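The values are calculated or read from the model by the stated rules, or taken from the named source; none is laboratory data. This is a predicted model, so every value here is computed, not measured. Quick reminder, even Gly has a Cβ in these numbers, built from the backbone with ideal geometry, and neighbours come from all protein chains shown.
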Amino acid sequence: MSEIIASIGFLQQGPFSIPRWEAVFSNIDVLWAGALVTLLVASLGLAMALALGTVIGVMSASHWKLPRALARAYVEFYQNTPLLIQVFMLFNAIPLVFPGLFIPVIVIGIFGVGMYHGAYIAEVVRAGIQSIGRGQLEAALSQGFTYVTAMRYIIIPQAMRIVLPPLTNQAVNLIKNTSVIAIIAGGDLMYAGDSFAGRYGHYGPTYVIVGLGYFLMCFPLAVLTRRLEERTRAA
Amino acid sequence: MEAFMNSPVMEMLTDPVLYIGLGYGLLLTLQIAGLSIALSFVFGTIIGSMRYTGLPVISHVATIYIEVIRNLPTLLLILVSYFVLGLPAMWAATIGLTIYTSAIIAEVIRGGLNSVPTGQWEAARSQGFSFLQSMRYIVLPPAVVKMIPPIVSQFVTVIKDSSFAMAIGAYELMFKGTILAAKYWRPAQIITIYLVISLVYFIINFAISTVARRLQTKMSVGRGGIGD
């Protein structure tokens, strides 16, 4: 058996050789730590994006001009400029505007993806609200529902059906985009993998494992997105 | 007024070096994004059609490609192209973006084709249309209407994500700006440079998003009920 393995060239040398795999697996702790940072940034970033997105989405669906204009400006700016610049702005601008204030890179990552995906979620929320006809609210109110109970029992259950699939899709994009903080040494999965690979040159196996990590985080959500889409279509 | 004109920010903004640097960066950004979009369109169409056929091996290969690539960060694909495939920085960025965007466009193509009910196919074939004729006259017209807006808005994503190329040292707009930010080191200057770059990306992407939105409204109105 060992002779057979020894005779296969790419297992002995090259970017995917066995010694490289062994080196990566004996240092797998580094990647675990990075994956935890990615999960932390992704979950707090998602919470922030949902909160911001709901507020801005409601603003851009409202009938008042000023909140609507502010919400439009926010959405257009964040959707049309790269996340990387926004993260760099936070990274460079905050210490310059507030000298002496130290902000951990992880916090910059959370704000970066939170504000960026907040703009996308705002659009999802706006579309969800606008998809429910005004007549529904009026009908509910005329039947004695209060505004809150009408929202709770009539509008929100219908809007959720429309809003949920694109929301889970945004969660997938958000997880993938947390990798941007690797460029500012964020300590996330991508950074852990890249710096480990760079130190010893084990790029092949490291990237395969890093890719597997992101895939395992994103794929279940992608499957959930499709299930929800099918349910929405069936309804 | 004079104090403002002599300020470090004005000094920088009147320095041609800034614009020459950012200009070259923008050229590389447009080159990477343009090539990626063109290549992704070709590969995306092939992969999307492969999945649409439903043929055993062919559609499975396409499905696995799409499902794996869609769930990986673009940055990882760019790093793999650079460090594992060993491509030069500009090509690594282009290929990394192409690998990702092809999967997205493939899904758009398949979704568009699937949106045409099979009854239309059957009706066309039963009326004596050949496979190509049914495609050309019956299936593609409504399907393409569905595909164009999401493909155009994907252009915006490609242009934004081309900034990831700075991670492998390609001198595109974002990296050029960061290098210039080190040359003009004063806080106000650094912030101004990033604002200028944001503005450049914004102008290009806003124009494309506006076109995508127009297409969406125009096509759904013109087709009466086909658009979402």
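Brief remarks on what is shown
- Residue list for the stretch B:47-71, filter: surrounded by fewer than 23 Cβ atoms within 10 Å (Cβ to Cβ), closer than 30 Å to B:MET166 by Cβ and either touching a Lys or Arg at 6+ places or on another chain (Cβ under 6 Å) or not hydroxyl-bearing (Ser, Thr, Tyr) (or both): B:ILE66, B:GLU67, B:VAL68, B:ILE69, B:ARG70, B:ASN71
- Test: B:SER130 is surrounded by fewer than 16 Cβ atoms within 10 Å (Cβ to Cβ) and touching a Lys or Arg at 6+ places or on another chain (Cβ under 7 Å): no
- Taken over the stretch A:122-146, the criterion of being of a type in the set (Val, Ile, Thr) and under 16 Å from A:PRO165 (Cα atoms) is satisfied by A:VAL124, A:VAL125, A:ILE129.
- Within the option set A:GLU76, A:GLU138, being facing another protein chain (nearest Cβ under 10 Å) and either under 28 Å from B:ILE191 (Cβ atoms) or assigned to a helix (DSSP H, G or I) (or both) holds for one residue only, A:GLU76.
- Members of the stretch A:91-107 that are assigned to a helix (DSSP H, G or I) and within 14 Å of chain B (Cβ to nearest Cβ): A:PHE91, A:ASN92, A:ALA93, A:ILE94, A:PRO95, A:LEU96, A:VAL97
- Hits in the stretch B:185-209 (condition: more than 15 Å from the chain's Cα centre (by Cα) and within 30 Å of B:VAL145 (Cβ to Cβ)): B:ILE203
- Residues that are charged (D, E, K, R) and within 14 Å of another protein chain (Cβ to nearest Cβ), drawn from the stretch A:141-186: A:LYS176
- Test: B:THR74 is of a type in the set (S, T, N, Q), within 13 Å of another protein chain (Cβ to nearest Cβ) and surrounded by 16 or more Cβ atoms within 10 Å (Cβ to Cβ): yes
- Check on B:LEU85, surrounded by fewer than 24 Cβ atoms within 10 Å (Cβ to Cβ) and within 11 Å of chain A (Cβ to nearest Cβ): yes
- Of A:LEU189, A:LEU216, all but one fail to be surrounded by fewer than 23 Cβ atoms within 10 Å (Cβ to Cβ) and either within 17 Å of the chain's Cα centre (by Cα) or facing another protein chain (nearest Cβ under 9 Å) (or both); the exception is A:LEU216.
- Subset of the stretch A:192-208 [away from every other protein chain (no Cβ under 11 Å), surrounded by 13 or more Cβ atoms within 10 Å (Cβ to Cβ) and over 25 Å from A:PHE111 (Cα atoms)]: A:PHE196
- Answer from B:GLY25, B:GLY21, B:GLY96 - the residue that is within 14 Å of the chain's Cα centre (by Cα), within 26 Å of B:ILE204 (Cα to Cα) and surrounded by 15 or more Cβ atoms within 10 Å (Cβ to Cβ): B:GLY96
- Taking the criterion of being more than 14 Å from chain A (Cβ to nearest Cβ) and closer than 30 Å to A:TYR78 by Cα, the residues of the stretch B:109-142 that qualify are B:ILE109, B:GLY112.
- Among the candidates B:SER81, B:SER36, residue that is among the small types (Gly, Ala, Ser) and in contact with a Phe, Trp or Tyr (Cβ under 8 Å, 6 or more places away or on another chain): B:SER81
- Checklist (1) out of contact with any Asp or Glu (no Cβ under 8 Å at 6 or more places or on another chain); (2) buried (at least 23 other Cβ atoms within 10 Å of the Cβ); (3) closer than 18 Å to B:ILE159 by Cβ; (4) touching a residue at least 12 places away in the same chain (Cβ under 8 Å) applied to B:MET90, failing item: (2)
- The set of residues in the stretch B:145-164 being within 17 Å of B:THR74 (Cα to Cα), more than 10 Å from chain A (Cβ to nearest Cβ) and touching a Ser or Thr at 6+ places or on another chain (Cβ under 8 Å) consists of B:GLN154, B:VAL158.
- The residues of the stretch B:196-218 that are among the hydrophobic types (A, V, I, L, M, F, W, C), at the interface with chain A (Cβ under 8 Å from one of its Cβ atoms) and within 19 Å of A:PHE91 (Cβ to Cβ) amount to a single one, B:ILE197.
- At least 2 residues being farther than 30 Å from A:ALA119 by Cα and modelled with pLDDT of 70 or more is the threshold, and among the helices (runs of 4 or more DSSP H) wholly inside the stretch A:1-47 those reaching it are A:18-26.
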